[in-house]
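Below: the structure, in structure tokens.
Laboratory data are not the source of any read-out in this text; all were calculated from the coordinates shown. Keep in mind that what you see is a predicted model, and the values were worked out from it rather than measured. In this analysis, Cβ positions are derived from the backbone assuming ideal geometry, glycine residues included, and neighbour counts consider all displayed protein chains.
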Amino acid sequence: MTSQHMDVQDILEKKLKACDDFLSTTLLLKKSLESHDIVTVVGSIKRRNDLIRLVDALDHKLGTSRGSILTDKKSDIACSVNKILSDINGILKSIVEINNDCSTMAMRGYESLAMQMAHYRREKEGLDGYAQQAPRPPKFLNLQT
């Protein structure tokens, strides 16, 4: 087992952990969207962005060295790497499903907010309604009547 093989396996294990963290953060995001906990939603989105940057950096480190390891399918390191890749693939599929649920909930929330704002605008219950002045009397009155 060469050091290159160990490095690839180590990087993939770190990526697996980051993907697992991303999955748990996405689950937290879904729960916070369901409960309308905006503070947790924002924190979850920030955490997910940090994890995306981490995975991108790990992918950059991997480069092309992974292909040379997987050519010998019978080696222990290749089996280990393939197992890690399979686990990552499973986690990513779960993330996609949960993320689609989050997107649907966020879109529903957006549409609801847009409808509320349109209602306030029509009813003049918003700032415009408070800022309106009472109607003025006509400037030119016919005093003879």
What's the extension gain from Leu85 to Ile45 if we count 0.36 nm per residue and subtract their Cα-Cα distance?
11.9 nm
Straight-line reach from Lys30: which aspartates and glutamates have a Cα under 15 Å away, not including same-chain ones fewer than 8 places off?
Asp21, Glu97, Asp101
Would you mind counting up the charge near Ser44? Only other residues with Cβ under 10 Å from its Cβ, with Lys and Arg at +1 and Asp and Glu at -1.
+4
Run the numbers for Asp7 and Ser35: contour at 0.36 nm per residue of separation, minus the present Cα-Cα distance, in nm.
5.9 nm
Spin-label point model (7 Å from Cα, Cβ direction): what's the Leu27 to Asn100 distance in nm?
2.0
